[in-house]
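Enquirer: There's a structure below that I have some questions on.
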Amino acid sequence: MIAHAIFFYIFSIIAIISAIMVTASKNTVHSVFFLILDFISISCLFIMIGAEFLGMIMLIVYVGAVAVLFLFVVMMLNVAQQKNQWFLSKSSSNHIPFGLIISAVIFIELIIVVGGWKYKPELLTTVNPYIDEISNTHSLGQILYTDYIHIFQISGMILLIAMIGAIVLTFRKREGVKTQSYLKQISRERSEGVKLLEVPSNKGVKIDD
Amino acid sequence: MENLNFIFQEIYKILFLLIPVLVSVAMIVWLDRRVWAFVQKRQGPNVVGPFGLLQSLADALKYIFKEMIIPASSNKIIFILAPIITMTLALIAWAVIPFNEDQVLANINVGILYIFAVSSLGVYGIIMGGWASNSKYPFLGAIRSAAQMVSYEVSIGIIIINVLLCVGSLNLNDIVIAQKNMWFIIPLFPMFVIFFISALAETNRPPFDLPEAEAELVAGYQTEYSGMMYAMFWLGEYANILLMCALGSILFLGGWLSPIDLYPFNLIPGVFWLIFKILFLFILFALVKAIVPRYRYDQLMRLGWKIFLPFSLTYVVFTASYLFYFNLLPSI
């Protein structure tokens, strides 16, 4: 039990410190790396409470895919310079009240959720899906694909719509771009590719017309 | 005292796994070069030791005694972290590989997801190395490699779903035991081919070695690395290749099961069968390296997203409907 507590505190301290460093570090690429460290330590916490499937999915989805895209954007867009300029300018202080309001709302929400779960458990009845005989993955699948199938499908639909929206926003047909057509290349015959010409002397021939 | 004993036992087990893996990584580099030379009618490394077996050892010694150069304009902490992360991630994934029914370091319920997660983390070693070098070629190589690995991970994930549909468990040992009657290479042969090609792309092997395409990018993300740090990248890369071979043999070739379940073959321990299968897949990897020319980058992306992804997705639907229709879905 002591080892469990020690590991819990190690992971949560790493998670909190890296969460602070995400906002505090000057270099944006560094803050993305701290975000990744945060994700990893939180997935370790998931595994520690027995939610191994969620922890692994957290690693695969957030660290393996989402954070890579984050890194791409941050590395390519030169955000670091813009951020430093933005902090030096006057306009940044205008946004402070909005930030404060949003963080206060999130804080109150957290208090309501945690307080309700901790001090009035009978208010919200939660089902404990963790049964010893079957594994975590099975129990999650059984709940997701039976009781909550509609919500699950709808969330998939929303993600699909978001993806189509992103593609529509960035898709444009450019003029004058040469693309390779594999079918055309494969189906090319000798007769249309090569032409033998008799060249009359002193006159020559026009080839490219 | 009991706890201490337990810890020592675990450390002993870990060393018993890690040292063979590291040694076999060194041997596999030699094998790779020999096969490559064999296809091209050359001799390959044959001077150091019998058949040149100690060549990798000599190379490793050379790397250890070389100077580690850290570029002045690089981001030093991340620059040093990158090869460490690559090697660590390549080695920790071996923890869940079953070598026999009870010979596995960590027999966890979500073994296959663990391997998948660790291999998807492998991108970071490359991105960090490329970015921290603060130089054009490494950066281009890192960006290329990250895009490539993320794309091919998607198709590998869907291929794994195909296998899992037939097994009904995420445990690697269960996956092997489910193949007792028939290896999955027979019903899922198209998936095996796609898995093999995706594994080549995932580990940046030729013909998909665009991140380190020497004609265009010097050595890609490794350009600025030297000495021990370069050796660590290289160790991690080959450990990853071996891991992909092991994963392929567990998913499709029946892992530690013997090919024929008859008397003389049953006596050979499962470890040897797994090693034979890994070696077989690795020799295929090495042959592909010698035979196939390098892909162009847009061809690589087209292959991943427009051919492999739709095909493997369709195959998931096919497998699921086949299993459902003939009532073959595994029970919990």
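Laboratory data are not the source of any read-out in this text; all were calculated from the coordinates shown. Computed from a predicted structure; not experimentally measured. Note that we place each Cβ from the backbone using ideal geometry, even for glycine, and neighbour counts take in every protein chain shown.
Enquirer: Filter the stretch B:107-123 for residues that are assigned to a helix (DSSP H, G or I) and facing another protein chain (nearest Cβ under 7 Å) and give the result. Step through it out loud before you land on a result.
Expert: Step one: of the stretch B:107-123, the residues assigned to a helix (DSSP H, G or I) are B:111-123.
Passing the criteria: B:LEU113, B:TYR114, B:PHE116, B:ALA117, B:SER120, B:LEU121, B:VAL123.
Enquirer: Those residues that are within 12 Å of chain A (Cβ to nearest Cβ) and either within 19 Å of the chain's Cα centre (by Cα) or not in a helix (DSSP H, G or I) (or both), I need them from the stretch B:165-186; list them, please.
Expert: B:GLY168, B:SER169, B:LEU170, B:ASN171
Enquirer: Out of A:VAL63, A:VAL29, A:VAL22, I need the residue that is under 26 Å from B:ALA142 (Cβ atoms), more than 8 Å from chain B (Cβ to nearest Cβ) and either out of contact with any Pro (no Cβ under 8 Å at 6 or more places or on another chain) or without any contact (Cβ under 8 Å) to a residue 24 or more places away in the chain (or both). Which one? Walk me through it before giving the result.
Expert: Numbers: A:VAL63 fails: more than 8 Å from chain B (Cβ to nearest Cβ); A:VAL29 fails: more than 8 Å from chain B (Cβ to nearest Cβ).
Within the list A:VAL63, A:VAL29, A:VAL22, the selection yields A:VAL22.
Each row is one residue, and each column tells you yes or no for (1) surrounded by 19 or more Cβ atoms within 10 Å (Cβ to Cβ); (2) in contact with a His (Cβ under 7 Å, 6 or more places away or on another chain); (3) hydrophobic (A, V, I, L, M, F, W, C); (4) closer than 30 Å to A:LEU144 by Cα.
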| residue | (1), (2), (3), (4) |
| --- | --- |
| A:PHE7 | no, no, yes, no |
| A:ILE13 | no, no, yes, no |
| A:SER18 | yes, no, no, no |
| A:MET21 | no, no, yes, no |
| A:ALA24 | no, no, yes, no |
| A:HIS30 | no, no, no, no |
| A:LEU35 | yes, no, yes, yes |
| A:ILE40 | yes, no, yes, yes |
| A:PHE53 | yes, no, yes, yes |
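Enquirer: In the stretch B:63-106, what residues are closer than 30 Å to B:LYS277 by Cβ and part of a loop (DSSP other than H, G, I, E, B)?
Expert: B:ILE97, B:PRO98, B:PHE99, B:ASN100, B:GLU101, B:ASP102, B:GLN103, B:VAL104, B:LEU105, B:ALA106
Enquirer: Okay, next question. For the stretch B:67-85, indicate whether the set of residues that are away from chain A (no Cβ under 14 Å), in contact with a helix residue (DSSP H, G or I) (Cβ under 7 Å, 6 or more places away or on another chain) and under 28 Å from B:LEU284 (Cα atoms) is non-empty.
Expert: There is at least one residue in the stretch B:67-85 that is away from chain A (no Cβ under 14 Å), in contact with a helix residue (DSSP H, G or I) (Cβ under 7 Å, 6 or more places away or on another chain) and under 28 Å from B:LEU284 (Cα atoms).
Enquirer: Next question, about the same structure. Specify which of the listed residues (A:ILE57, A:ILE47, A:ILE13) is more than 19 Å from B:ILE112 (Cβ to Cβ) and out of contact with any Pro (no Cβ under 9 Å at 6 or more places or on another chain). Walk me through how you get there before you give the answer.
Expert: Details: A:ILE57 fails: more than 19 Å from B:ILE112 (Cβ to Cβ); A:ILE47 fails: more than 19 Å from B:ILE112 (Cβ to Cβ).
It is A:ILE13.
Enquirer: For the stretch B:252-269, which positions are within 20 Å of the chain's Cα centre (by Cα) and more than 20 Å from B:ILE156 (Cα to Cα)?
Expert: Once the filter is applied, which keeps residues that are within 20 Å of the chain's Cα centre (by Cα) and more than 20 Å from B:ILE156 (Cα to Cα), the stretch B:252-269 yields only B:TRP256.
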